[in-house]
Amino acid sequence: MSPKTLYDKIWDAHVVHEDADGTSLLYIDRHLVHEVTSPQAFEGLRMAGRQVRAPGKTIAVPDHNVPTTPGRENPDQMPEDSRIQVAALDKNAQDFGIHYYPVSDVRQGIVHIVGPEQGWTLPGMTVVCGDSHTATHGAFGALAHGIGTSEVEHVLATQTLIQKKSKNMKVEITGKLRPGVTAKDITLSVIGETGTAGGTGYVIEYCGEAIRDLSMEGRMTVCNMAIEGGARAGLIAPDEKTFEYVEGRPHAPKGAQWEAAMEWWKTLYSDDDAHWDKVVTIRGEDIAPVVTWGTSPEDVLPITAEVPDPASFAGGKVSAAQRALDYMGLKPGQKLSDIEIDTVFIGSCTNGRIEDLRAAAAVVKGKKIKEGMRAMVVPGSGLVRAQAEEEGLADIFKEAGFEWRMAGCSMCLAMNPDQLSEGERCASTSNRNFEGRQGYKGRTHLMSPAMAAAAAVTGRLTDVRELM
Amino acid sequence: MEKFEKITGIAAPLPLVNIDTDMIIPKQFLKTIKRSGLGVNLFDEMRYDRQGNEIPDFVLNQPAYREAEILVAGENFGCGSSREHAPWALKDFGIKCVIAPSFADIFYSNCFKNGILPIVLPQEAVDVLMKDAEKGSNARMVVDLEAQTVTSSDGEVFSFDVDSFKKHCLLNGLDDIGLTMEKAGAIDTFEAQAAQARPWV
């Protein structure tokens, strides 16, 4: 048998039909659904008189729109249009008989945090969702990617997707990370290296010692941002850490099925002599705590650097960098660590897991956030929130001056009331620093939870190593 | 879906790289439960000020480009979120074709589901077409999917590649779900086999 990558193996196990030109029908094991990209898909099913083919493999949770302030069960907390969208998901979940975690359920949270937490996401699966950050689930060695609403409807109706196979790209992070450097710094640094289109047309497999050393939470952070590098999916081969994380979760296999699953899961790795269409290697030791300075996730620099000169770029990036600096209100040569911020957002499907909250809490413990700062922690799920409360992290945040919120996407995309105002500058653990992403004319700097926590304390972008 | 017909139309130049789907349709317009009506908010934050007044400099507000059917843009067009509201907004405005040196994967595939043709051409070709688009409403560009060509107003012809299946679906206005439903037997068989091989799924 010819050597295969992990992606090849998962792909091959899910092909229902392949045309001569390579157009394939791929079977989908898990379909995750949220309120924003699904109403038109369910409407399409109703119009055509179609059913959901596999309701047992379809899991829905409202996350994008929901308020994260306590007392949100009161519908008056939501604007009319958000309320309609969440109500539509409530109804669609009930009408079509799919698994559902409503806002009132403690298990509710960001769909990409809920899936793994409940054991829906397992190694070797195909996982899709009408959300580009579906790549997160690749941390389990699942082939997971975002789809549009037409494809959501297609999967609901047929449990398959029409796909052509992507190319194989290997991103290897060798060696050990230095103190203060996290999974977020890895994934941002990779995008800084490859650019936001460097992974377009590829599925990325992340590997190397620094990746193996990451916890499952860290691996999810890395895969989550594969899409920001242009790749629809990022993967990490499952190992003992993966199996340990999965075992015992509500929807993970049990008993004999667990044994059978393990037998297959242990074959899920790229063969030594597998073919790679593109390879990127970064030394773990070379990665520093980073922040973004511009309006594209590729605008990444170590916190010790200065704001770059647009003239130092080439092609269309020269005007793009100038536009970014104008938007961000920055000048070339300015030290990144001198940039003052107004708001700190800790949360999102990138960094809203328990390990992220522990890392942030370790930095702020016994300290106060800078006077006048708006700072919030939005746990990725109700269960993360509960665990953080049990571990005393919530108290650390509250004593430091953070708002302690309910679970949801919140200020990552500002579809709920958590938004930046014009010119407001935010240190954010989310995944996109696009113009207007966190609010009209809001300014976003992306970074790790520890770095965001450090910024909350000092009031400026800060090298977390100074506080360690 | 309507069939994709040959376009002879106005092309609007948008010479920016990394135009993301948040720019194409900002999040506040994702709260709709319909597919239609998003055209008025296409490029909302670049197109209107906070009071809702048009920003005259923005290309689609200029008289020459209000009826544009083609967009010419920089590399990595449509990056970011998977929101299909982006092609819905383009379509609702009247854009049927986007020409760029590269597209983000999810946006690219979403276009085909909505009768929009994304065309990838080399940077040099896009540069020529960008200049052509800047001539305004007197310069009509021709997009012929059948022949896989774009012709500038000066008659310069550029050939492009497109996946044969996607081309077939666009030209004939075919609905993917209907096509896949015809393979229901194969899906049944696969599902039965997978239930044996991986019963835990």
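The values are calculated or read from the model by the stated rules, or taken from the named source; none is laboratory data. Since the model is a prediction, treat every value here as computed from it, not as a measurement. Positions of Cβ are generated from backbone atoms using ideal geometry, with glycine treated the same way; all protein chains shown enter the neighbour counts.
If we scan segment A:441-453, do we find a residue that is within 14 Å of chain B (Cβ to nearest Cβ), out of contact with any Gly (no Cβ under 9 Å at 6 or more places or on another chain) and either farther than 25 Å from A:Val222 by Cα or buried (at least 23 other Cβ atoms within 10 Å of the Cβ) (or both)? Yes, some residue in segment A:441-453 is within 14 Å of chain B (Cβ to nearest Cβ), out of contact with any Gly (no Cβ under 9 Å at 6 or more places or on another chain) and either farther than 25 Å from A:Val222 by Cα or buried (at least 23 other Cβ atoms within 10 Å of the Cβ) (or both).
Checking the structure you have, find out if any residue of segment A:57-66 is touching a residue at least 12 places away in the same chain (Cβ under 8 Å), assigned to a helix (DSSP H, G or I) and either within 24 Å of the chain's Cα centre (by Cα) or more than 14 Å from chain B (Cβ to nearest Cβ) (or both). Yes: segment A:57-66 contains one or more residues that are touching a residue at least 12 places away in the same chain (Cβ under 8 Å), assigned to a helix (DSSP H, G or I) and either within 24 Å of the chain's Cα centre (by Cα) or more than 14 Å from chain B (Cβ to nearest Cβ) (or both).
Being modelled with pLDDT of 95 or more, of a type in the set (Asp, Glu) and surrounded by fewer than 23 Cβ atoms within 10 Å (Cβ to Cβ), is that true of even one residue in segment A:103-114? Scanning segment A:103-114 turns up at least one residue that is modelled with pLDDT of 95 or more, of a type in the set (Asp, Glu) and surrounded by fewer than 23 Cβ atoms within 10 Å (Cβ to Cβ).
The numbered conditions (1) touching a His at 6+ places or on another chain (Cβ under 7 Å); (2) assigned to a strand (DSSP E or B) are all true for A:Asn224 except (2). Scanning segment A:71-88 for any residue that is polar (S, T, N, Q), in a helix (DSSP H, G or I), on the phi < 0 side of the Ramachandran plot and more than 9 Å from chain B (Cβ to nearest Cβ) turns up at least one such residue.
Annotation note: of A:Thr187, A:Thr136, the sole residue that is within 14 Å of chain B (Cβ to nearest Cβ) and of a type in the set (S, T, N, Q) is A:Thr136. A:Tyr7 meets the conditions (1) over 20 Å from B:Thr189 (Cβ atoms); (2) touching a His at 6+ places or on another chain (Cβ under 8 Å); (3) more than 10 Å from every other protein chain (Cβ to nearest Cβ); (4) not β-branched (Val, Ile, Thr) in every case but one. The failed one is (2).
Checked against the criterion of being touching a residue at least 60 places away in the same chain (Cβ under 8 Å), within 14 Å of chain B (Cβ to nearest Cβ), outside any loop (DSSP other than H, G, I, E, B) and under 28 Å from A:Tyr101 (Cβ atoms), the candidates A:Met411, A:Met415 yield just one match: A:Met411.
Can you report the number of residues in segment B:152-163 which are within 14 Å of chain A (Cβ to nearest Cβ) and touching a residue at least 12 places away in the same chain (Cβ under 8 Å)? Spell out the reasoning first.
As a first pass, look at segment B:152-163 and keep what is within 14 Å of chain A (Cβ to nearest Cβ): B:161-163.
Next, only the ones that are touching a residue at least 12 places away in the same chain (Cβ under 8 Å) stay: B:161-162.
Counting residues in segment B:152-163 that are within 14 Å of chain A (Cβ to nearest Cβ) and touching a residue at least 12 places away in the same chain (Cβ under 8 Å) gives 2.
Restricting attention to segment B:164-190, the residues that are at the interface with chain A (Cβ under 9 Å from one of its Cβ atoms), surrounded by 15 or more Cβ atoms within 10 Å (Cβ to Cβ) and within 17 Å of B:Thr149 (Cβ to Cβ) add up to 1. When A:Ala305 is tested against (1) of a type outside the set (S, T, N, Q); (2) closer than 30 Å to A:Lys167 by Cβ; (3) away from chain B (no Cβ under 14 Å), just one condition goes unmet, and that condition is (2). Of all residue pairs spaced 6 or more apart or on separate chains, those with beta-carbon atoms under 6 Å, a first member in segment A:312-329 that is within 11 Å of chain B (Cβ to nearest Cβ) and within 19 Å of A:Gly423 (Cα to Cα) and a second member that is surrounded by 15 or more Cβ atoms within 10 Å (Cβ to Cβ) and among the polar types (S, T, N, Q) are A:Ala324/A:Thr295; A:Tyr327/A:Thr295. Screening segment A:139-151 for residues that are among the hydrophobic types (A, V, I, L, M, F, W, C) and more than 7 Å from chain B (Cβ to nearest Cβ) and picking the one that is nearest to A:Pro238 (Cα to Cα) gives A:Phe140.
Has segment B:45-63 got any residue that is away from chain A (no Cβ under 14 Å), of a type in the set (Gly, Ala, Ser) and surrounded by fewer than 18 Cβ atoms within 10 Å (Cβ to Cβ)?
Of all residues in segment B:45-63, those away from chain A (no Cβ under 14 Å) come to B:53-54, B:56, B:59-63.
Subsequent filtering for residues that are of a type in the set (Gly, Ala, Ser) retains none.
Checking segment B:45-63: not a single residue is away from chain A (no Cβ under 14 Å), of a type in the set (Gly, Ala, Ser) and surrounded by fewer than 18 Cβ atoms within 10 Å (Cβ to Cβ).
Could you check segment A:227-253 and list, in sequence order, the residues that are more than 24 Å from A:Thr5 (Cα to Cα) and either in a helix (DSSP H, G or I) or more than 11 Å from chain B (Cβ to nearest Cβ) (or both)? Passing the criteria: A:Glu247, A:Gly248, A:Arg249, A:Pro250. Just so you know, in segment A:34-43 the residues that are touching a Ser or Thr at 6+ places or on another chain (Cβ under 8 Å) and more than 8 Å from chain B (Cβ to nearest Cβ) include one that is nearest to B:Thr21 (Cα to Cα), and it is A:Ser38. Considering segment B:112-142, and only residues there that are of a type in the set (A, V, I, L, M) and either within 14 Å of chain A (Cβ to nearest Cβ) or without any contact (Cβ under 8 Å) to a residue 60 or more places away in the chain (or both), the residue that is nearest to B:Ile24 (Cα to Cα) turns out to be B:Ile116. The residue pairs whose first member lies in segment A:150-171 and is free of Cβ contacts under 8 Å to residues at least 60 places away in the same chain, whose second member is of a type in the set (Gly, Ala, Ser), and whose beta carbons are closer than 8 Å, counting only pairs six or more residues apart or on different chains, are A:Glu151/A:Gly130; A:Glu151/B:Ser109. With respect to A:Met225, is the statement that it is closer than 11 Å to A:Ile186 by Cβ and aliphatic (A, V, I, L, M) true? So A:Met225 passes the test. So, in segment A:92-113, how many residues would count as being under 27 Å from A:Thr221 (Cα atoms), of a type in the set (A, V, I, L, M, F, W, C) and not in a helix (DSSP H, G or I)? Matching residues across segment A:92-113 total 3.
Taking segment A:274-302 as the range and being within 14 Å of chain B (Cβ to nearest Cβ) and among the charged types (D, E, K, R) as the test, the residues that pass are A:Glu298, A:Asp299.
Would you confirm, using the coordinates I've provided, whether A:His137 is in contact (Cβ under 8 Å) with a residue 12 or more places away in the chain, closer than 21 Å to A:Tyr269 by Cα and either in a helix (DSSP H, G or I) or among the β-branched types (Val, Ile, Thr) (or both)? Spell out the reasoning first.
Numbers: in contact (Cβ under 8 Å) with a residue 12 or more places away in the chain: yes; closer than 21 Å to A:Tyr269 by Cα: yes; either in a helix (DSSP H, G or I) or among the β-branched types (Val, Ile, Thr) (or both): yes.
Yes.
To keep it simple, each residue is scored yes or no on (1) part of a loop (DSSP other than H, G, I, E, B); (2) in the same structural domain as A:Leu25 (by TED's automatic domain parsing).
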position: A:Gly124; (1), (2): yes, yes
position: A:His154; (1), (2): no, yes
position: A:Pro179; (1), (2): yes, no
position: A:Ile191; (1), (2): no, no
position: A:Glu205; (1), (2): no, no
